[in-house]
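J.: Dumping the structure here so I can ask a few things about it.
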Amino acid sequence: AHSFATQAAFGHITKSKAKHMKKFSIISFFYLLFTAQLFAQAPPIKWGKIPDADLKMTVYEEDTTADAVILADFGTITFELNDLGAFCNFTQHKRIKILKQSAFDMGNVEIPYYAATKLTKVRGLKAQVFSPSGKKQVIGKKEIYDEEIRENVRVKKFACPKVEVGSIIEYKYQVFSPDLVGLQDWYFQGENPVRWSELRFQMPEWFDYLTFFQGKEDMSIREEKYESRIIRGFPVNTKLARYV
């Protein structure tokens, strides 16, 4: 297991020199990745583009006992300023290969998110299932539910139809939130093996996050860089990071 914890400090975007310190943590497993060039480079997977070898896969060679394998799990964390304030935008694109009947329950997907204000939104949620032959079935909007599981914590739920041995489940979404401290957790490895896990991070200089990594495995790729970006018409020194 590999874990990732973060402490954040940020100040109001005014002429005041006063800053407010806050803390939060992120738990994760295995790998992470980041850089300036990497935000420019193509994502590791494209929506709906399933390699033929993945459709035909019957066993994951790195772990032949696995019931399922996460073929790819790609996330980004970026920050945005608009007339309502500062927001964090978290995206995730995940692809899962079902190898045994015992993994059919992975077709019941739950996406929890913290929604302390009405400004928090889950946007662009899409999901689909591919049969071993490559036939695609799209999960409709009417099949996606939103529930409150406790105060300020909600979950998006959907069930993938006709999951069978050899199926590939794919989904992606965004969580747009004014909560700059309680960032989304990121898990690099978990109960099922993950073939590729990547997180990219883009942070303007107004925010400062200290990151902590735990675990026996080091990052396969760990890149960090600063460069100037234009935000609302002004050049801003921005940290770009990529962890794999």
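J.: Hey, how much of the P(r) for segment 163-228 falls beyond 18 Å, as a percent of Cα pairs?
T.: When every Cα pair of segment 163-228 is considered, 57 percent fall beyond 18 Å.
J.: Could you give the distance between the Cα centres of segment 44-76 and segment 113-192, to the whole Å?
T.: About 18 Å separates the Cα centre of segment 44-76 from the one of segment 113-192.
J.: Using a 1.4 Å probe on the protein chains only, how many percent of the accessible area of segment 37-83 belongs to carbon and sulfur?
T.: Carbon with sulfur: 48 percent of the solvent-accessible area.
J.: Explain nothing, just the number: dipole magnitude of segment 172-226 about its Cα centre with +1 on each Lys and Arg Cβ and -1 on each Asp and Glu Cβ, in debye rounded to the nearest 20.
T.: Roughly 220 debye, rounded to the nearest 20.
J.: How many Å² of accessible area per residue for segment 140-189, probe 1.4 Å?
T.: I get 52 Å² per residue for segment 140-189.
J.: Taking every pair of Cα atoms in segment 134-187, average 1/r, invert it to obtain the Kirkwood radius, and report Rg/Rh to two decimals.
T.: Expressed as Rg/Rh, it is 1.04.
J.: Got a number for carbon plus sulfur as a percent of segment 137-244's accessible area, 1.4 Å probe?
T.: Summing carbon and sulfur atoms, their accessible area is 47 percent of the total for segment 137-244.
J.: Quick one: which of LYS100/LYS141; LYS97/LYS239; LYS142/LYS225; LYS49/LYS100; LYS56/LYS141 span more than 32 angstrom between C-alpha atoms?
T.: Result: LYS97/LYS239; LYS142/LYS225 exceed 32 Å.
The values are calculated or read from the model by the stated rules, or taken from the named source; none is laboratory data. These numbers come from a predicted model, not from an experiment. Because the Cβ atoms are built from the backbone with ideal geometry, glycine has one as well, and the counts that use them run over all protein chains shown. Surface accessibility is based on the protein's heavy atoms, side chains included, excluding ligands, DNA and RNA. Shrake-Rupley method; radii C 1.70, N 1.55, O 1.52, S 1.80 Å.
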